[in-house]
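The values are calculated or read from the model by the stated rules, or taken from the named source; none is laboratory data. The shown structure was predicted, so the numbers you read here are calculated from the model rather than taken from an experiment. Here Cβ is always computed from backbone atoms with ideal geometry, including for glycine, and neighbour counts include all displayed protein chains.
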Amino acid sequence: MKISVIGGGSTYTPELVSGFLEQHKTLPISELWLMDNDEERLDIVGSFAQRIVMKQDMPFEVIMTTDRREAIRDAAFIITQFRVGGMAARREDEYLGRRHGLIGQETTGIGGMAKALRTIPVILEIAEEISELAPYSTLANFTNPAGLITEAVSRSAPDLKVIGMCNVAITTKMALLKLLKDHAGIQLNPDEVALDTLGLNHLSWHRGLSSEERDYWPQVLEAVIDDLNTQAEPDYPPQLIETLGMIPNYYLGYFYSRNKKLVAQESWPPSRAEEVMQIDSNLLRTYAEESTVEVPEEHLKRGGAYYSTMATRMFNSIHNNLGEIQVANVPNHAAVPSWPQDWVLELPCRIDAEGAHPLPANALPPVCFGLLAHVKTFELLTVEAAVLGDRNAAYQALLAHPLGPAVDQIENVLEDMLETNKEYVPQFWK
């Protein structure tokens, strides 16, 4: 079995390699291809990956390449985790928001839009190559903004088996299980409980935690509210949790606590991009040492906790037709009957040999759906703008976004966004 990683020079990759080693008995990989345009990073990360595998008596071969087509050819599973423009472009996205008095963030608001405009043309090229060279493969997209990128692929290549992935749901589940243990003395096996989540990627609400025998959500809400009441500056006011009966994805802080986020970014540098650039530099230096044969703890600072767990379990469930439940980003397909069927949503899915099947879900209350529909409209306009190089669609996307600029700012913000990213968005400069 061949698995390929597009963006294999990422500092996330060694954790992924460790995950494949742990699953090798049931997910028998023969070749792991790491593809990246940055040869220096690829050599450092790929050589480290080879040492990790060698320590386990070489259960599979790690192959490094800069040839994307060869990496994709005949692969059973393909992971996309690339960043057009690198971390420098992420830093520009963050400071783009700050200079216009808006949220400066990698996936949310105008920073997320800039990243999507750079990324969508590339991911659609990759989708075409997969359709040609590995038509029966599964594409697992981790590239941010993950939901928006998956939306673009699902609309442009509807026959391609694509699943958008994000680690927020699994990290949230693990955090809630720890909270239950600490506050209520309830200790649960993570594999025996499921988190009920619904929304969009980085715009979702968690609203249930249960096993086959019992619903633990009342205890979860009580523990979360008690915990918030002990904090001097909680992420969310306890009344919000009490009112909704749900726990917002922490990215909703950019919507629910916008002023706090705007004040916080006034203290930059460092922005998050600049922090990650330093973490990456340290990790690459460690990876390059010949004596390093295990993934260092510092990789957790990168923000990818349980990343390998998600990917390997999903591939294992597909390969072995297990039907396990996992939160993923896929088209609605009547899971929420009252919502548009072609919208890509983030929700629990059954994963089997045919891919990810969204489970039936009750719609969110109007107070949540209003915001979701607002942001989904922005996503659809952003896809249109990126594919066609349509400045009018880009203008409307900024107009539609709840965190976007005021109408008299839009032209200046859009011009700044496109000028800053001119190298990566040639479709707008024909």
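Just to be sure, is Tyr236 touching a helix residue (DSSP H, G or I) at 6+ places or on another chain (Cβ under 9 Å), assigned to a loop (DSSP other than H, G, I, E, B), on the phi < 0 side of the Ramachandran plot and not polar (S, T, N, Q)? Here the answer is yes, as Tyr236 does meet what is asked. The set of residues in the stretch 404-430 that are modelled with pLDDT of 95 or more and part of a loop (DSSP other than H, G, I, E, B) comprises Gly404, Pro405, Ala406, Val407, Asp408, Gln409, Asn421, Lys422, Glu423, Tyr424, Val425. Restricting attention to the stretch 323-337 and to residues that are assigned to a loop (DSSP other than H, G, I, E, B) and surrounded by 16 or more Cβ atoms within 10 Å (Cβ to Cβ), the residue that is nearest to the chain's Cα centre (by Cα) turns out to be Asn332. Report yes if Lys181 is among the charged types (D, E, K, R) and within 18 Å of the chain's Cα centre (by Cα), otherwise no. No, not satisfied. State all residues of the stretch 354-368 that are loosely packed, with under 15 Cβ neighbours inside 10 Å, assigned to a loop (DSSP other than H, G, I, E, B) and of a type outside the set (Asp, Glu); if no residue qualifies, say none. The answer is Leu359, Pro360, Asn362, Ala363, Pro365.
Within the stretch 367-379, the presence of at least one residue that is farther than 28 Å from Leu96 by Cα and in contact (Cβ under 8 Å) with a residue 40 or more places away in the chain is confirmed. The residues of the stretch 260-283 that are hydrophobic (A, V, I, L, M, F, W, C) and surrounded by 14 or more Cβ atoms within 10 Å (Cβ to Cβ), listed by number, are Leu262, Trp268, Ala273, Val276, Met277, Ile279, Leu283. The numbered conditions (1) within 25 Å of the chain's Cα centre (by Cα); (2) outside the structural domain of Arg207 (by TED's automatic domain parsing); (3) surrounded by 15 or more Cβ atoms within 10 Å (Cβ to Cβ) are all true for Thr286 except (1). Here the condition is being touching a strand residue (DSSP E or B) at 6+ places or on another chain (Cβ under 9 Å), closer than 30 Å to Arg350 by Cα and at pLDDT 95 or above; of Leu381, Leu372, it holds for Leu372 alone.
Rundown of residues vs (1) β-branched (Val, Ile, Thr); (2) buried (at least 21 other Cβ atoms within 10 Å of the Cβ); (3) at positive phi, yes/no style:
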residue: Gly7; (1), (2), (3): no, yes, yes
residue: Val17; (1), (2), (3): yes, yes, no
residue: Trp33; (1), (2), (3): no, yes, no
residue: Asn37; (1), (2), (3): no, no, no
residue: Arg68; (1), (2), (3): no, no, no
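Taking the stretch 390-403 as the range and being over 24 Å from the mean Cα position of the chain (by Cα) and either surrounded by 18 or more Cβ atoms within 10 Å (Cβ to Cβ) or in a helix (DSSP H, G or I) (or both) as the test, the residues that pass are Arg391, Asn392, Ala393, Tyr395, Gln396, Leu399. Would you mind stating whether Thr80 is free of Cβ contacts under 8 Å to residues at least 40 places away in the same chain and touching a helix residue (DSSP H, G or I) at 6+ places or on another chain (Cβ under 7 Å)? The answer is no for Thr80. Suppose we filter the stretch 161-218 for residues that are small (Gly, Ala, Ser), part of a helix (DSSP H, G or I) and either surrounded by 17 or more Cβ atoms within 10 Å (Cβ to Cβ) or touching a residue at least 60 places away in the same chain (Cβ under 8 Å) (or both); how many remain? So the answer is 1. Restricted to the stretch 1-18, and to residues that are part of a helix (DSSP H, G or I) and of a type outside the set (D, E, K, R), which residue is farthest from Thr143 (Cα to Cα)? Only one residue tops the list, namely Ser18. The residues of the stretch 341-366 that are without any contact (Cβ under 8 Å) to a residue 24 or more places away in the chain and under 23 Å from Leu244 (Cβ atoms) amount to a single one, Pro366. Note on the stretch 349-375: residues that are more than 13 Å from Asn332 (Cβ to Cβ) and either touching an Asp or Glu at 6+ places or on another chain (Cβ under 9 Å) or in the same structural domain as Leu244 (by TED's automatic domain parsing) (or both) amount to 3.
With respect to Glu297, determine if the residue is of a type in the set (Asp, Glu), closer than 19 Å to Ala175 by Cβ, surrounded by fewer than 17 Cβ atoms within 10 Å (Cβ to Cβ) and out of contact with any His (no Cβ under 7 Å at 6 or more places or on another chain). When the stated conditions are applied, Glu297 passes them. Total residues in the stretch 340-355 satisfying the condition of being among the aromatic types (Phe, Trp, Tyr) and out of contact with any helix residue (DSSP H, G or I) (no Cβ under 8 Å at 6 or more places or on another chain): the figure is 0.
In the set Glu92, Glu125, Glu132, only one residue is in the same structural domain as Ile351 (by TED's automatic domain parsing), surrounded by fewer than 23 Cβ atoms within 10 Å (Cβ to Cβ) and in contact (Cβ under 8 Å) with a residue 40 or more places away in the chain; that residue is Glu92.
Residue check: is Gly109 in contact with a Pro (Cβ under 9 Å, 6 or more places away or on another chain), in contact (Cβ under 8 Å) with a residue 40 or more places away in the chain and at positive phi? Considered against the rule, which asks whether it is in contact with a Pro (Cβ under 9 Å, 6 or more places away or on another chain), in contact (Cβ under 8 Å) with a residue 40 or more places away in the chain and at positive phi, Gly109 comes out as yes.
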